[in-house]
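Right, one structure below, let's go through it.
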Amino acid sequence: MKLRLVATIVLGVAVLTGCSDSPKLAGSAVVINGNVVPASSVADRVDKVRAQIQVTDPSLISEVPSLIQINQRAVDHFIRAALFEEAVAREGINVTQRDVEAYRDEVFAQYAKETIEAQLVSQNAVPADDVEGFMREIMIQRILMEKLAPGADNQTQFIAMTDYLTALSDELGVELNPRFGTWDPSNLITTPGDQTLAVPLPISLG
């Protein structure tokens with residue numbers, strides 16, 4: 001099932017919401033093009049994901065993510081979402097709410113809603129209230145790939161999009177609070193740093 005964004009195979013990193021050495025980053029998880037993503041926003045998303053996993057049917061989850069993995073995927077979400085929205089503005093991409101709803105209904109018709117939500121929350125740290133947002137980004141990704149490499153095979157298009165987003169990341173500037181690790185623009189993921197927690201914290205399904 002092709003319900004994945006760029007670089008969904010990720011490393012674990014812990015979110016620590018303490019102060020930063022830089023006043024600009026204090027209280028923030030990341031600053032993108034001058035726009036601040038508060039650490040509290042990341043924490044809220046992590047809390048939603050953890051709570052949903054706790055009540056999800058264990059048979060629908062192939063592997064329970066650690067708290068570190070959830071934290072990193074949450075941070076990655078905010079960074080990549082900002083990059084995609086910038087790409088939408090620059091490339092004139094238009095995905096309407098009706099488009100998203102149609103795609104959602106198509107996916108739910110092919111796979112049970114509960115199965116989709118369980119996969120997204122456990123593998124991508126996408127809470128149930130952001131499933132449509134995730135699907136919108138998939139649609140944006142597909143359109144962008146085709147615009148960048150018209151008619152090319154999927155791998156060529158994917159590489160073109162990755163290169164585009166990497167260059168966009170460098171241009172806009174992605175400043176990650178050291179407590180959240182470091183941003184790897186070539187792979188479009190965050191990676192652990194010296195100030196991040198190195199021991200994974202398991203979550204029990206209870």
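Here, each number is a calculation from the coordinates, and none is a lab measurement. If you're wondering where the values come from, they're calculated on a predicted model, not measured in any experiment. Cβ atoms come from the backbone with ideal geometry, glycine included; neighbour counts cover every protein chain shown.
Suppose a student asked you for the relative contact order of segment 76-136, using Cα pairs under 8 Å spaced at least 6 residues apart; what percent would you report?
Values: 20 pairs, mean separation 18.3, N = 61.
Relative contact order for segment 76-136 comes out at 30 percent.
If each residue of separation counts as 0.36 nm, what is the full-extension length gain between residue 57 and residue 146 once their alpha-carbon separation is subtracted?
On the way: separation 89, 0.36 × 89 = 32.04 nm, distance 3.70 nm.
Working it through step by step, the gained length comes to 28.3 nm.
Using 0.36 nm per residue and subtracting the Cα-Cα separation, the extra length available between residue 35 and residue 159 on full extension is 41.9 nm.
How much net charge surrounds residue 118 when only other residues with a Cβ under 12 Å from its Cβ are counted (Lys, Arg +1; Asp, Glu -1)?
Numbers: positive: 113; negative: 57, 63, 114, 117.
Local net charge: -3.
Summary of the geometry: segment 69-93 and segment 154-169, compared by the centres of their Cα atoms, lie 13 Å apart. Restricting the calculation to Cα atoms, segment 28-191 shows an Rg/Rh of 0.97 when the hydrodynamic-style radius is the Kirkwood one. Quote the relative contact order of segment 28-191 in percent (integer), defining contacts as alpha-carbon pairs under 8 Å separated by 6+ residues. Averaging sequence separation for qualifying contacts and normalising by length gives 31 percent for segment 28-191.
Give me the net charge of residue 98's neighbourhood, meaning all other residues with Cβ under 15 Å from the Cβ of residue 98; Lys, Arg count +1, Asp, Glu -1.
Numbers: positive: 104, 136; negative: 99, 101, 105, 106, 132.
Here the charged neighbours net out to -3.
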